[in-house]
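Student: Supplied in structure tokens, the structure appears directly below.
The values are calculated or read from the model by the stated rules, or taken from the named source; none is laboratory data. Since the structure is predicted, the reported quantities are computational estimates derived from the model, not experimental observations. FYI the Cβ positions are ideal-geometry reconstructions off the backbone, even for glycines, and counts take in every protein chain you see. To get the accessible areas, we keep the full protein, side chains included, count just its heavy atoms, and leave off ligands, DNA and RNA. Shrake-Rupley method; radii C 1.70, N 1.55, O 1.52, S 1.80 Å.
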Protein chains: 2
Amino acid sequence: MSLRKEILKVGKRMLLDEGISNISMRKIAGEIDVSATSIYLHFRNKNHLIYTLIEESVEELNRLIRDIANTDRDPLAKMESIARTYVAFGLDRPQEYEVIFMLHPEEIPRYPKKKFRKAREGYELLAEVIREGVDKGEMKEENPLKAAYAIWAQLHGIVSVVVNRRLDTRISVNEFINHAIAHLIRGIQINSHPQVTI
Amino acid sequence: MSLRKEILKVGKRMLLDEGISNISMRKIAGEIDVSATSIYLHFRNKNHLIYTLIEESVEELNRLIRDIANTDRDPLAKMESIARTYVAFGLDRPQEYEVIFMLHPEEIPRYPKKKFRKAREGYELLAEVIREGVDKGEMKEENPLKAAYAIWAQLHGIVSVVVNRRLDTRISVNEFINHAIAHLIRGIQINSHPQVTI
DNA sequence: TATGCTACTTAACAGTGTTAACCTTGTGTG
DNA sequence: CACACAAGGTTAACACTGTTAAGTAGCATA
């Protein structure tokens, strides 16, 4: 196995086991029995290594969502399924989730635009489901992309509150998720637009 | 001025100017012209210092929300106002916001419970507004506290998406916020509950 | 055989949080 | 007045961190 692949393997394991704040170049290198500076022959710096580490996690999440978006269930059901899948991913794999959605991209200014676009694929897929819902008369929405971002924000909020332990102990996590997703669906469903004065 | 207060003053300025990841004990101490270890005579460690730093920010945000909650406007208007205030706070003061709502609390296991309760005051206030809305027939909600957390999650998501630069450049920040808050209000408003099958 | 490249190493820089041990200064007490 | 003691600082050190510069084996080619 090439050193590059070995670095990625050990790095990924460390990310999952110990979290982003407990990863270090020296620890990764030490586990492979190589000097820490060798990593710099294969990755520009730590940030690039970590972004490479989670690249396939991003693709995995996208694939999960794409598979739901491409079924022929009705749009509202798809949206709920996407929402649950997203939240489940965030809760199952908080370490990767944190890197994917909580890190500031200005920390890696040279990150290729192509990869940023990949990270945005989920929004596009959700927007497509909303367009479909509007066409089929299940949803009301003038700007599906904007709505997709609003819903995404909501999902991110749900994950954050749970992962960062901001939820009141009186409330069960599952009940909270069900409630929040129901709330989310209500926000876009048709018949739910009385006179709103914003 | 006592050294403790001076540490807090300089620390706060550094937090606002340079962000949490660019604060260091030595830098704070250096600016006051004192040794770094002196800080440990006044704060248990760096985490405790930082949490003390943002304590008054938490109180400020609570006060803003409390002032809205205590007016006699109708509950829906109050909720929108609280939502806008929360988002504005997060965008105006991202460095403090990050510490308040994005840091993992397990990093300070000895943090007094009283202070955690203070950080939760916002949820309680929002829950109270929802209860009021239900009583006045403006909102429909079985569990106001749970709903308050769902809405809070949504607000946190809105702030996160913008602050972490995850918003598509085709979408203006203001439009997005307006949209997301409208979406949020729709989720709890009465007449917006057709047959949802979750 | 000599050159040059590839993939690595060692040493070092400049920083980090934190602890242990020491010292100075002001105050209260015998 | 002399002594003890505590408060509030200090210096030195430990064990880390990311990153760069310079040096070095081993191998392929001219």
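Student: Of all residues in region A:20-47, count the ones that are touching a residue at least 40 places away in the same chain (Cβ under 8 Å) and more than 8 Å from DNA strand D (Cβ to nearest atom).
Tutor: Total meeting the criteria: 1.
Student: Same structure again: Could you check A:Ser21 against (1) within 14 Å of another protein chain (Cβ to nearest Cβ); (2) more than 14 Å from DNA strand C (Cβ to nearest atom); (3) assigned to a helix (DSSP H, G or I) and say which number it fails?
Tutor: The single condition A:Ser21 does not satisfy is (2).
Student: I've got another one for you. For A:Tyr149, state whether it is modelled with pLDDT of 90 or more, within 11 Å of the chain's Cα centre (by Cα) and buried (at least 17 other Cβ atoms within 10 Å of the Cβ). Give the steps one after another, and end with the answer.
Tutor: Details: modelled with pLDDT of 90 or more: yes; within 11 Å of the chain's Cα centre (by Cα): no; buried (at least 17 other Cβ atoms within 10 Å of the Cβ): yes.
No; evaluated as a whole, the condition is false for this residue.
Student: Yes or no: A:Ile20 touching an Asp or Glu at 6+ places or on another chain (Cβ under 7 Å) and within 17 Å of A:Gly90 (Cα to Cα)?
Tutor: yes
Student: Can you pull out every residue in region A:156-172 that is more than 7 Å from chain B (Cβ to nearest Cβ) and either closer than 23 Å to A:Leu126 by Cβ or touching a Lys or Arg at 6+ places or on another chain (Cβ under 7 Å) (or both)?
Tutor: Selection gives A:Val159, A:Val162, A:Val163.
Student: Residues in region B:69-99 that are open to solvent by 20 Å² or more (accessible area, probe 1.4 Å) and either in a helix (DSSP H, G or I) or free of Cβ contacts under 8 Å to residues at least 40 places away in the same chain (or both): how many?
Tutor: Residues in region B:69-99 being open to solvent by 20 Å² or more (accessible area, probe 1.4 Å) and either in a helix (DSSP H, G or I) or free of Cβ contacts under 8 Å to residues at least 40 places away in the same chain (or both): 16 in total.
Student: How many residues are more than 11 Å from DNA strand C (Cβ to nearest atom), surrounded by fewer than 19 Cβ atoms within 10 Å (Cβ to Cβ) and more than 14 Å from chain B (Cβ to nearest Cβ) if we restrict to region A:24-60? Before you say what the answer is, go through the steps one by one.
Tutor: Kept after step one, since they are more than 11 Å from DNA strand C (Cβ to nearest atom), are these residues of region A:24-60: A:27-28, A:31, A:43-60.
Among the residues that remain, those that are also surrounded by fewer than 19 Cβ atoms within 10 Å (Cβ to Cβ) are: A:27, A:31, A:44-48, A:52, A:55-56, A:59-60.
Retained after the next criterion (residues that are more than 14 Å from chain B (Cβ to nearest Cβ)): A:27, A:31, A:44-45, A:48, A:52, A:55-56, A:59-60.
Residues that pass the stated criteria total 10.
Student: Which condition breaks for A:Asn178 when tested against (1) surrounded by 22 or more Cβ atoms within 10 Å (Cβ to Cβ); (2) facing chain B (nearest Cβ under 8 Å); (3) at pLDDT 95 or above?
Tutor: In the conditions (1) surrounded by 22 or more Cβ atoms within 10 Å (Cβ to Cβ); (2) facing chain B (nearest Cβ under 8 Å); (3) at pLDDT 95 or above, A:Asn178 misses (1) alone.
Student: Considering only region B:70-79, I want to know if a residue exists there that is away from DNA strand D (no atom under 16 Å from the Cβ), among the β-branched types (Val, Ile, Thr) and in contact with an Asp or Glu (Cβ under 7 Å, 6 or more places away or on another chain).
Tutor: no
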